[in-house]
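The structure under discussion appears below in the form of structure tokens.
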Amino acid sequence: MADQSVFRITKELSDLQKNSDLSLAVACRDIDVRNVKALIIGPHETPYEFGFFEFAFKFNKDYPRKSPAVTATTTNGGRCRFNPNIYANGRVCLSILGTWRGERGEEWSAAQGLESILLSIQSLMSTNPYENEPGFEDANEASDKKNQKDYVQKIRHETLRISVIQRLEEYLGMSSDGTLTAPVANRDDYDLDMDVMDDDSSVPFEPFKDLCKRRFLWYYDSYLAAIQKGKAEVKDNQVFTRMPFEGTSNTMEGKFNYSELEKRLRNIKMALDAETAGWALEGLAAKAKEGTVAVNLQRQYEQVVESFKRSDTPHNLELLDGNPFVWVLSYIGKPMTNLDGGLFRIKLCFSPRFPEEQPRIKFETRMFHHRISNDGTPCYFAPPSRREDAKSHIEAVIDALEEEQPPYDPRTLVHPEAFKLYWGSADDRKMYNRRLRRSVQQSMDDC
């Protein structure tokens, strides 16, 4: 039974890591598959929008006959209850987990698993979480309507403050005023075996660190928009309203301060940009030592250039100042599309910890596109199985640009204005196409 349990957990982890769900992530140490960390990115158009919510799963030897134990860890040290069903102490109340009484047929079965639990938790992060509290499902009094609005307002604030800003500040070693509180790790030896490091229990296990940094850059404009919305609804220093179902030690208490959150958010963005720029200098040091990553990137660069020549690809690829950690791609727009005639400069920055830290890509030539943020960060999906293949990132970016009939997916909302026009009315789409064409024409004028 124990071996079957481990096999089942391993397969579920592998399946989740292979799929293209942009709002779920899972990880564990190679030596301990029974203890799993999971990340849920808050759904669009909810007060949890694009927040980073982490959970700890502990699978027993009877799994899948019995459900795992699940604990919410994004609680501000046990001081914040993010949902009627997600307590400040980490308890997650779900009938399939046996932590809440449910209707017949809602209890755990061996047919369920890690993904179904994550989707169930994600479903709690709704537009109106107030109604998740038993007895409040149909609450419709005037006081309830006010409470619903107040509850959404404070969840949105704390989602930004705790799940996004506080998390990124910790990752970057920053204090709330933007100063560095801890030096960023600077390894002299870039040939360290990262897998061995991850298996060392003395090393903090932070599997979502790079993912959250990259997603922060995707959703930065959405975070700013949420702050502006909050500023319009509440005043700084206004005290949170306590909900009828919140207890003394199981609540969400505090004050609104969107002005401070905006400053902290902008400081994080500057720190991430500085970190990316620092990779180039670290990379040069690694190149001088002929480190493994430097040699690998140089070889991959040469292979991509050669493949472009063989396939008669019109794009051009160069190293910036001969640095294998900074690639510059000149992208020529696809003929017979809205991109036709465009010439765009795209910079790919690689970390000395690549592929553990994935590349950060930026369009230096401005393009109005629903998959490119205002600052030029593209929203793309490189195949998880090819994360160490630099060419796959280039291909994925180009695919995102040229996809003619993409499925609607709010998790790709990286440019709010362009996204709204692209997925709006027929007139909105016409306006989107005009603005895209204008940016394409401007790209040639800027050459």
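The values are calculated or read from the model by the stated rules, or taken from the named source; none is laboratory data. Given the structure is predicted, the values throughout are model-derived calculations rather than measurements. Heads up, the Cβs are rebuilt from the backbone with ideal geometry, glycines too, and the neighbour counts pull from every protein chain shown. The accessibility values were calculated without ligands, DNA or RNA, using every heavy atom of the protein model including side chains. Shrake-Rupley method; radii C 1.70, N 1.55, O 1.52, S 1.80 Å.
Brief remarks on what is shown
- All positions within segment 318-348 that are open to solvent by 20 Å² or more (accessible area, probe 1.4 Å) and under 17 Å from Ala396 (Cα atoms): Ser330, Ile332, Lys334, Arg345, Lys347
- Residues that are closer than 23 Å to Val164 by Cα and either within 27 Å of the chain's Cα centre (by Cα) or open to solvent by 30 Å² or more (accessible area, probe 1.4 Å) (or both), drawn from segment 238-248: Gln238, Val239, Thr241, Arg242
- Selection count where residues are out of contact with any strand residue (DSSP E or B) (no Cβ under 8 Å at 6 or more places or on another chain), open to solvent by 20 Å² or more (accessible area, probe 1.4 Å) and touching a residue at least 60 places away in the same chain (Cβ under 8 Å), scope segment 349-367: 4
- Candidates are the residues of segment 260-287 that are more than 22 Å from Thr181 (Cα to Cα) and not hydrophobic (A, V, I, L, M, F, W, C); the one that is least open to solvent (accessible area, probe 1.4 Å) is Gly283.
- Flag for Lys66 being in contact (Cβ under 8 Å) with a residue 12 or more places away in the chain, more than 22 Å from Pro244 (Cα to Cα), touching a Ser or Thr at 6+ places or on another chain (Cβ under 7 Å) and open to solvent by 40 Å² or more (accessible area, probe 1.4 Å): no
- Which numbered condition Glu402 fails, given (1) at pLDDT below 95; (2) open to solvent by 40 Å² or more (accessible area, probe 1.4 Å): (1)
- Scan of segment 65-99 for residues that are of a type outside the set (Lys, Arg) and more than 24 Å from Pro47 (Cα to Cα), ordered by number: Ser67, Pro68, Ala69, Ile96, Leu97, Gly98, Thr99
- Complete set of residues in segment 208-220 that are surrounded by fewer than 18 Cβ atoms within 10 Å (Cβ to Cβ) and farther than 16 Å from Tyr380 by Cβ: Lys209
Residue-wise test of (1) open to solvent by 30 Å² or more (accessible area, probe 1.4 Å); (2) farther than 13 Å from Met243 by Cβ; (3) at pLDDT 95 or above; (4) over 17 Å from the mean Cα position of the chain (by Cα).
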| residue | (1), (2), (3), (4) |
| --- | --- |
| Asp138 | yes, yes, no, yes |
| Gln148 | yes, no, yes, yes |
| Thr159 | no, yes, yes, no |
| Ser163 | no, yes, yes, no |
| Glu170 | yes, yes, yes, no |
| Gly173 | no, yes, yes, yes |
| Ser176 | yes, yes, no, yes |
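- Residue count, segment 88-129 (criterion: of a type in the set (Asp, Glu) and under 22 Å from Leu13 (Cβ atoms)): 1
- Which listed residue, of Gly98, Gly90, is in contact with a Ser or Thr (Cβ under 8 Å, 6 or more places away or on another chain), at positive phi and open to solvent by less than 20 Å² (accessible area, probe 1.4 Å): Gly90
- Residues located in segment 253-273, provided they are farther than 18 Å from Arg167 by Cα and among the hydrophobic types (A, V, I, L, M, F, W, C): Phe256
- Within segment 381-419, tally of residues that are under 17 Å from Ser222 (Cβ atoms) and assigned to a loop (DSSP other than H, G, I, E, B): 5
- Test: Ser392 is open to solvent by less than 10 Å² (accessible area, probe 1.4 Å) and not hydrophobic (A, V, I, L, M, F, W, C): yes
- Breaking point among (1) at pLDDT below 90; (2) open to solvent by 40 Å² or more (accessible area, probe 1.4 Å), for Thr127: (1)
- Options Val293, Val203: the member that is within 30 Å of Gly376 (Cα to Cα) and among the β-branched types (Val, Ile, Thr): Val293
- Matching residues, segment 221-237, being more than 23 Å from the chain's Cα centre (by Cα) and open to solvent by less than 30 Å² (accessible area, probe 1.4 Å): Val234
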